[in-house]
Amino acid sequence: MANKSKKEHILKIASGLFNKQGIRATGVDQVVSESQIAKMTLYNHFQSKDELVLAYLRGQDEQWRKWFESSVNKQGTNPSEKLLAIYDVLGEWFEDPDFNGCTYIKTASEFLDRSHIYFEAAHHYKMFMREFIASLVEELETSNREALTNRLFLLVEGAITTRMMQTDLESARHARETAEVILEKFIQNKRQPT
């Protein structure tokens with residue numbers, strides 16, 4: 001096995017374990033055992049568990065972000081359609097048999113200390129969604145872009161959390177319906193004379 005593919009293999013095994021069991025519950029020894037490598041091989045590619053975890057978080061972000069942006073852009077042709085498509089794409093993600101919740105919500109819940117490197121990484125990657133929404137809101141004819149962004153972002157996070165907890169199996173659809181009402185309100189308010 002080539003060096004690069006061995007590193008990718010280790011990361012793939014570790015990512016699956018972190019995603020299913022959590023970061024704290026997954027030790028280096030288990031990653032070594034399930035990767036069928038020597039411990040020294042793991043440390044030749046990742047100097048520490050921290051480095052391995054951060055590579056996992058970065059990899060999850062890159063893979064998910066690419067799929068998410070592409071899916072939203074395919075479903076919408078203008079900013080309003082794309083904003084609503086966010087919730088449709090979330091719904092597709094929730095229906096995936098491998099859906100196991102949000103990597104970053106789970107990581108932040110395991111490491112609540114805001115100065116912990118895993119919490120910081122999760123927070124950094126989580127802000128992608130807010131920035132993505134903000135970039136679409138920026139193109140709309142509305143006056144209070146920050147308020148609209150905050151509301152739509154909160155709907156995303158709420159939909160993900162309620163789906164993870166299985167308290168609302170239709171959370172993406174419910175969030176989309178609410179987003180439609182919010183968008184309509186913000187766009188109408190802009191059109192009304194002052």
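The values are calculated or read from the model by the stated rules, or taken from the named source; none is laboratory data. These numbers come from a predicted model, not from an experiment. Cβ coordinates were reconstructed from backbone atoms using ideal geometry, including for glycine residues, and neighbour counts include every protein chain displayed. These area figures cover heavy atoms from the full protein model, side chains too; ligands, DNA and RNA do not enter into them. Shrake-Rupley method; radii C 1.70, N 1.55, O 1.52, S 1.80 Å.
Comparison of PHE186, PHE132 shows that the only residue that is under 14 Å from the mean Cα position of the chain (by Cα) and of a type in the set (Phe, Trp, Tyr) is PHE132. From the residues in the stretch 137-192 that are under 25 Å from SER109 (Cα atoms) and of a type in the set (D, E, K, R), which one is modelled with the lowest pLDDT? If we take residues in the stretch 137-192 being under 25 Å from SER109 (Cα atoms) and of a type in the set (D, E, K, R), then ASP168 is modelled with the lowest pLDDT. Within the stretch 132-151, count every residue that is under 20 Å from LYS66 (Cα atoms) and in contact (Cβ under 8 Å) with a residue 60 or more places away in the chain. The qualifying residues number 1. All conditions in (1) modelled with pLDDT of 95 or more; (2) within 22 Å of TYR118 (Cβ to Cβ) hold for ASP61, with the sole exception of (1). For the stretch 4-54, filtering for residues that are part of a helix (DSSP H, G or I), over 16 Å from GLU110 (Cα atoms) and touching a residue at least 12 places away in the same chain (Cβ under 8 Å) leaves 16. Can you pull out every residue in the stretch 34-57 that is of a type in the set (Ser, Thr, Tyr), under 26 Å from CYS102 (Cα atoms) and open to solvent by 30 Å² or more (accessible area, probe 1.4 Å)? If the condition is that a residue be of a type in the set (Ser, Thr, Tyr), under 26 Å from CYS102 (Cα atoms) and open to solvent by 30 Å² or more (accessible area, probe 1.4 Å), then SER48 is the only one that fits.
Restricting attention to the stretch 125-157 and to residues that are touching an Asp or Glu at 6+ places or on another chain (Cβ under 9 Å) and more than 19 Å from ASP61 (Cα to Cα), the residue that is surrounded by the most Cβ atoms within 10 Å (Cβ to Cβ) turns out to be VAL137.
Only one of the listed residues (GLU62, GLU8) is assigned by TED's automatic domain parsing to the domain that holds PHE132, open to solvent by 60 Å² or more (accessible area, probe 1.4 Å) and of a type in the set (D, E, K, R). That residue is GLU62.
Out of curiosity, is ALA25 closer than 29 Å to TRP93 by Cα, of a type in the set (A, V, I, L, M) and open to solvent by less than 60 Å² (accessible area, probe 1.4 Å)? No: the conditions fail for ALA25.
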